[in-house]
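So that we are looking at the same thing, I have put the structure below in structure tokens.
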Amino acid sequence: MKKTKMSSRRRRTLRRVLIAAAAVLLANRIFWVGFLFPIQAIRHYEERQGTGRTAVVRRDWAPEIFKTGLVYLTENKNVTMLSGARLTLYGWMENFGVPLDCTEEEPIHGGWWGMSRQGRDPLFYVFGRVDDPRIDLLTVQVWYEDWAGFKAVRRDIFSWGLEREDLLEKDGRSYFLLKSRSVKFGEYGSNLRTTVTGVDLAGNVITKMELDGGGFSSYS
Amino acid sequence: MKKQAIEHTRLLALSLLAGEDMYGYQMIVELARRSNHTFDMKEGTLYPVLHGLEQEGFVEAYRKQAPTGRERKYYHLTRKGQGALREEEAAWRRYSGAVNDVLRGGAEAV
Amino acid sequence: MTRQEFLDQVLSPLGRLTAQERENVRRELEEHVEDRMEALLEMGWDAELAEERCLEAMGDPAEIGREMARQYRGKGWLWLGRAAVVLTVVVCIQALLGVGMLGAAWDSLTVRFNPPRTISIGELKNVEAEEELDIRAEIGNDILRIYQVSVGEKDGQRAAMVLACAYDRWPFGIVVDSLFGRSELWNERGETGTSGGGSGNSGAVCAALWAPVETGDTHVIWEYRAIGEAVRLEIPLPGGEEAA
């Protein structure tokens with residue numbers, strides 16, 4: 001009684017889909033490659049940085065540098081992180097990441113990151129967390145020190161003004177994410193400065209600080 | 001009219017397979033036998049019906065050696081197909097019952 | 001009409017079927033005709049007339065073909081299956097290109113049973129005592145494990161050297177990118193060593209740190225700086241009760 005089964009489209013497709021799912025799972029978990037979703041790349045970066053699980057505050061599409069480039073602002077109680085991912089031959093992979101340790105008490109935590117690629121306008125992000133409830137207005141300034149003479153001259157490049165209602169709320173905390181295409185950071189090197197000022201409605205300066213956590217990435 | 005013939009054929013095919021697994025030609029012969037040759041359909045038209053049932057998952061197919069000694073494509077009613085058979089049977093009973101009611105009603109009115 | 005012409009007419013509207021599916025249809029119909037032919041021939045029919053009668057009994061080939069094509073029109077099962085195959089192939093190629101990751105996966109497993117005993121940062125000379133331990137701490141998703149301490153001489157000074165590793169809670173999981181960069185070894189007087197070393201991959205990271213110790217010291221402290229907390233593990237020195 002020889003019996004050879006014949007398969008319908010439905011059965012064939014089900015088998016193929018199961019095999020595909022198993023292959024993706026295996027590749028993702030053992031080889032850590034072939035991520036189908038960008039958030040997986042961010043989670044991978046989280047693990048490498050030891051930040052613990054973070055929640056997404058904002059996802060920004062940044063096609064200026066990479067057509068599939070995404071920038072994520074994520075957070076948890078201890079960390080505010082800016083990270084980026086893009087689609088490569090290996091699936092979604094992380095581009096860069098700036099984890100900010102926010103465990104110490106500060107009125108504002110912040111950082112910045114610049115991305116550049118040959119022949120394109122560079123992107124500059126400033127991000128952070130506003131902890132002091134007294135702050136109603138935020139001013140973020142990007143400038144550089146011009147040492148052409150003997151003294152450093154401050155030259156402003158770009159600035160933003162934010163009101164409290166412009167802030168991004170997540171888990172009871174307030175965040176901000178700013179992006180500029182006008183900061184050609186490659187020209188200034190380590191003379192680039194980012195400062196943030198927080199004032200209340202009456203105009204009293206609550207805090208004025210320089211953000212020193214940041215860096216650049218250049219892609220070819 | 002043609003669509004109805006196909007619908008009929010689905011019900012007939014499903015109910016034939018409820019008894020045992022069969023191949024196409026066998027089903028035609030059995031159909032003629034059981035209905036005393038009332039159903040005289042074009043034999044080739046059974047196959048689209050069977051393939052449709054197969055693609056929908058109501059029947060499964062496999063190749064096996066038939067009593068004639070040659071290998072044939074057999075069809076088997078799946079659990080899903082059993083459900084479909086019950087539904088089609090119920091629908092048929094409602095339909096034929098309604099027709100009977102109309103006929104009876106018409107006869108009484110005279 | 002010949003049998004071949006009949007079958008060709010049935011198959012003609014079946015362009016959307018795969019070659020295998022078309023062949024199945026052809027075969028099935030041909031076998032049906034065979035069976036019907038046999039029945040007629042047994043009854044004494046003439047071969048040519050029998051074939052004619054069979055094909056006539058089958059019905060209109062064009063209609064059969066059209067009806068058949070309709071059955072295969074389903075909601076895109078075929079393309080879903082093909083997409084799945086493409087995805088599988090792509091993922092396999094990616095895995096092949098990333099085969100270096102297997103090393104990390106392997107390390108993630110083996111470090112749990114067999115952490116590396118030699119991390120060269122300049123060995124300790126005149127080793128007085130060496131002890132294996134198992135001091136663990138859970139830091140987020142990862143496990144930090146101190147597994148060996150030795151006392152000897154380093155750069156002319158009496159020193160203790162501690163070996164530690166870290167790995168994800170789950171086998172094949174991802175661990176922090178560096179143990180060495182986040183750790184320091186202190187002695188009882190708050191001094192640390194000035195060098196150490198570490199290595200690893202996404203499956204497991206290891207580090208060796210040393211700190212100067214004096215006779216009578218009972219322990220050293222491994223400090224790991226995690227985000228939001230500092231984990232301090234006390235490591236007893238072997239033979240600590242010995243007097244000079």
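The values are calculated or read from the model by the stated rules, or taken from the named source; none is laboratory data. Fair warning: this is a prediction, and the values are worked out from it, not measured in the lab. All Cβ positions, even for glycine, are placed from backbone atoms using ideal geometry, and neighbour counts span all protein chains on display.
Is at least one residue of segment B:24-35 modelled with pLDDT under 90, outside any helix (DSSP H, G or I), among the polar types (S, T, N, Q) and within 15 Å of the chain's Cα centre (by Cα)?
Scanning segment B:24-35, I find at least one residue that is modelled with pLDDT under 90, outside any helix (DSSP H, G or I), among the polar types (S, T, N, Q) and within 15 Å of the chain's Cα centre (by Cα), so the answer is yes.
Then there's this: Return yes or no: is C:ALA57 within 14 Å of chain B (Cβ to nearest Cβ), out of contact with any Ser or Thr (no Cβ under 8 Å at 6 or more places or on another chain) and aliphatic (A, V, I, L, M)?
Answer is yes for this residue.
Being surrounded by fewer than 22 Cβ atoms within 10 Å (Cβ to Cβ) and touching a His at 6+ places or on another chain (Cβ under 7 Å) is the requirement here; does B:GLU56 meet it?
Answer is no for this residue.
Related question: When you scan segment A:13-22, do you find a residue that is touching a helix residue (DSSP H, G or I) at 6+ places or on another chain (Cβ under 7 Å) and farther than 19 Å from C:GLN94 by Cβ, even just one?
Yes, segment A:13-22 contains at least one residue that is touching a helix residue (DSSP H, G or I) at 6+ places or on another chain (Cβ under 7 Å) and farther than 19 Å from C:GLN94 by Cβ.
On the given criteria, is A:ALA22 of a type in the set (A, V, I, L, M), within 14 Å of chain C (Cβ to nearest Cβ) and either under 27 Å from C:VAL99 (Cβ atoms) or without any contact (Cβ under 8 Å) to a residue 24 or more places away in the chain (or both)?
It is true that A:ALA22 is of a type in the set (A, V, I, L, M), within 14 Å of chain C (Cβ to nearest Cβ) and either under 27 Å from C:VAL99 (Cβ atoms) or without any contact (Cβ under 8 Å) to a residue 24 or more places away in the chain (or both).
Something else about it: Can you name the strands (runs of 3 or more DSSP E) wholly within segment C:182-244 that have at least 2 residues being of a type in the set (A, V, I, L, M)?
Because the criterion is at least 2 residues that are of a type in the set (A, V, I, L, M), the strands (runs of 3 or more DSSP E) in segment C:182-244 that meet it are C:204-212, C:219-226, C:229-236.
Results for (1) surrounded by fewer than 23 Cβ atoms within 10 Å (Cβ to Cβ); (2) within 14 Å of another protein chain (Cβ to nearest Cβ); (3) within 27 Å of A:ILE39 (Cα to Cα); (4) among the aromatic types (Phe, Trp, Tyr), shown as yes or no for each residue.
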{"position": "A:PHE96", "(1), (2), (3), (4)": "yes, yes, yes, yes"}
{"position": "A:GLU104", "(1), (2), (3), (4)": "yes, yes, no, no"}
{"position": "A:HIS109", "(1), (2), (3), (4)": "no, yes, yes, no"}
{"position": "A:MET115", "(1), (2), (3), (4)": "no, no, yes, no"}
{"position": "A:ARG120", "(1), (2), (3), (4)": "yes, no, yes, no"}
{"position": "A:GLY128", "(1), (2), (3), (4)": "no, no, yes, no"}
{"position": "A:ASP131", "(1), (2), (3), (4)": "yes, no, yes, no"}
{"position": "A:LEU137", "(1), (2), (3), (4)": "yes, no, no, no"}
{"position": "A:TRP143", "(1), (2), (3), (4)": "yes, no, no, yes"}
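With respect to B:TYR74, is the statement that it is more than 9 Å from chain C (Cβ to nearest Cβ), in contact with a Phe, Trp or Tyr (Cβ under 6 Å, 6 or more places away or on another chain) and surrounded by 17 or more Cβ atoms within 10 Å (Cβ to Cβ) true?
yes
Please work out if C:GLU188 is among the charged types (D, E, K, R) and in contact with a His (Cβ under 8 Å, 6 or more places away or on another chain).
yes
Please find, within segment A:25-48, the residue that is surrounded by the most Cβ atoms within 10 Å (Cβ to Cβ) out of those that are touching a Ser or Thr at 6+ places or on another chain (Cβ under 9 Å) and at the interface with another protein chain (Cβ under 8 Å from one of its Cβ atoms).
A:TRP32
A further question follows. Pairs under 6 Å by beta carbon, first residue within 12 Å of A:VAL24 (Cβ to Cβ) and modelled with pLDDT of 90 or more in segment C:69-92, partner buried (at least 18 other Cβ atoms within 10 Å of the Cβ) and of a type in the set (Lys, Arg), six or more apart or different chains?
Correct list of pairs: C:ALA84/A:ARG16.
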